[in-house]
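Data block below; observations after.
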Amino acid sequence: MELIHEKLMSIKAFVFDVDGVMTDGSVIGTEEGHFLRNFNIKDGYALQHAVKSGYAIAIISGGNSLGVVKRFRTLGIEDVYVGQQHKEAAYTEFLEKHQLNDADVLYMGDDMPDYELMQRVGVATCPNDAAIDIQGICHYISPLNGGKGCVRDIMEKTLKLQGKWWSEHTHRW
């Protein structure tokens with residue numbers, strides 16, 4: 001556990017996949033052809049808090065949903081990349097925009113489209129129900145499933161270690 005704590009201390013940015021990480025991977029199709037997802041409100045709180053604390057955050061998704069874009073923009077996340085069949089270009093753009101390198105980034109993904117980027121970053125993480133191949137390359141596997149608080153879990157751990165999580169002495173919201 002000590003090694004992961006050391007790695008989390010150097011994190012300056014978070015990158016997340018959406019389906020299977022921010023959601024449980026279920027999609028509801030409407031009669032009109034829209035696809036609906038459920039997001040965990042506690043994950044949203046952690047994302048919003050991290051933005052206010054100065055972390056760079058990117059959402060990179062293979063899906064292409066206006067609802068996904070709106071969800072994350074309301075949380076203050078500017079770097080939302082949807083429709084990314086190959087996530088490397090969006091990731092590189094994010095790094096350049098924020099003057100980051102791979103070691104500065106924590107990435108949470110759950111399936112094979114995330115594999116290559118997860119091998120590059122400083123801290124690779126996943127939900128408890130991620131694909132076995134993804135679990136095999138992770139520095140940390142959340143005890144929580146996708147859409148069930150796994151994002152909050154790793155963000156809270158990171159921000160607490162760095163002294164940036166909520167406390168009555170540092171933040172009064």
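Read the figures in this text as sums done on the coordinates, not as results from a lab. As the structure is a prediction and not an experimental result, all values here were calculated from the model. Note that we place each Cβ from the backbone using ideal geometry, even for glycine, and neighbour counts take in every protein chain shown.
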(message) Can you tell me which residue is surrounded by the most Cβ atoms within 10 Å (Cβ to Cβ) among those in the stretch 119-152 that are free of Cβ contacts under 8 Å to residues at least 60 places away in the same chain and hydroxyl-bearing (Ser, Thr, Tyr)?
(response) THR125
(message) Residues that are in contact (Cβ under 8 Å) with a residue 60 or more places away in the chain, touching a Ser or Thr at 6+ places or on another chain (Cβ under 9 Å) and surrounded by fewer than 19 Cβ atoms within 10 Å (Cβ to Cβ): does the stretch 163-173 have at least one?
(response) yes
(message) Looking at the stretch 23-65 only, could you name the residues that are of a type in the set (Asp, Glu) and either farther than 23 Å from ASN128 by Cα or surrounded by fewer than 16 Cβ atoms within 10 Å (Cβ to Cβ) (or both)?
(response) GLU31, GLU32
(request) Can you confirm whether the stretch 47-54 contains a residue that is polar (S, T, N, Q), outside any strand (DSSP E or B) and farther than 24 Å from LYS164 by Cα? (result) no
(message) Would you confirm, using the coordinates I've provided, whether TYR107 is outside any helix (DSSP H, G or I) and on the phi < 0 side of the Ramachandran plot?
(response) yes
(request) Select from the stretch 88-118 the residues that are touching a Ser or Thr at 6+ places or on another chain (Cβ under 9 Å) and either hydroxyl-bearing (Ser, Thr, Tyr) or touching a residue at least 60 places away in the same chain (Cβ under 8 Å) (or both) and list them in ascending order. (result) ALA103, ASP104, LEU106, TYR107, MET108, GLY109
